[in-house]
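Visitor: So that we are looking at the same thing, I have put the structure below in structure tokens.
The values are calculated or read from the model by the stated rules, or taken from the named source; none is laboratory data. Keep in mind that this is a model prediction, so the values were computed, not measured. Positions of Cβ are backbone-derived with ideal geometry, glycine not excepted, and every protein chain shown enters the neighbour counts. The area values use the complete protein model at the heavy-atom level, side chains included, leaving out ligands, DNA and RNA. Shrake-Rupley method; radii C 1.70, N 1.55, O 1.52, S 1.80 Å.
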Amino acid sequence: MTGGQYSPLSGYGTFATTAPYSNIDHGFEVVELCKAAGATFVGRTTTYHVQQMMEMLRKAILHNGFSVVEIFSQCPTYFGRKNKLGSAVDMMEYFKNNTTPIGSKAKQEHPELIERGIFVQEEKPEYCREYDKIIEKVKQ
């Protein structure tokens, strides 16, 4: 969606328009980063899992608080071609075959599978509302 620019999540050693000799950034776990940053809604899905993606986005938007949804999406035009990942269909098949719902038996049998689903969904006082309370106290 960006025309081939890399990010740390592109993967170490991958090629992109802005990393023609390969990406030297090591990836990180978005879910863990968001949890550590205090997100009260954290989910992950793929563009292959359209129904799950739509429902997860709906829940994240309606959630009262810091929400993050990581969506794995294919880029066959440049990234897929440059990194020999195949066609758009091949990339979608990858999402289908290499992800699994959180806590599934498949994950126990194949730890390399990437889990998808809602990792965090908790109700906490929303930051801006709490800050408004402080402002009101100060005004009094």
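Visitor: How many residues are open to solvent by 60 Å² or more (accessible area, probe 1.4 Å), among the hydrophobic types (A, V, I, L, M, F, W, C) and in a helix (DSSP H, G or I) if we restrict to the stretch 49-69?
Guide: 5
Visitor: In the stretch 112-140, which residues are open to solvent by 90 Å² or more (accessible area, probe 1.4 Å) and not in a helix (DSSP H, G or I)?
Guide: E112, Q121, E123, K124, P125, Q140
Visitor: Quick check on my filter: what residues within the stretch 95-104 are open to solvent by 80 Å² or more (accessible area, probe 1.4 Å) and touching a Ser or Thr at 6+ places or on another chain (Cβ under 9 Å)?
Guide: The answer is K96, and nothing else.
Visitor: Just need a number here: residues in the stretch 13-45 that are closer than 30 Å to L62 by Cβ, more than 14 Å from the chain's Cα centre (by Cα) and part of a loop (DSSP other than H, G, I, E, B).
Guide: Number of matching residues: 3.
Visitor: Restrict the check to the stretch 56-74 and report whether at least one residue is over 14 Å from E122 (Cα atoms), among the hydroxyl-bearing types (S, T, Y) and within 12 Å of the chain's Cα centre (by Cα).
Guide: Yes, the stretch 56-74 has at least one match.
Visitor: Quick test for you: out of G3, G11, G38, G43, pick the one residue that is modelled with pLDDT of 90 or more and at positive phi.
Guide: Within the list G3, G11, G38, G43, the selection yields G38.
Visitor: Suppose we keep only residues that are assigned to a helix (DSSP H, G or I) and without any contact (Cβ under 8 Å) to a residue 24 or more places away in the chain within the stretch 78-92. Which one would you say is most open to solvent (accessible area, probe 1.4 Å)?
Guide: Looking at the filtered set, the residue picked out is R81.
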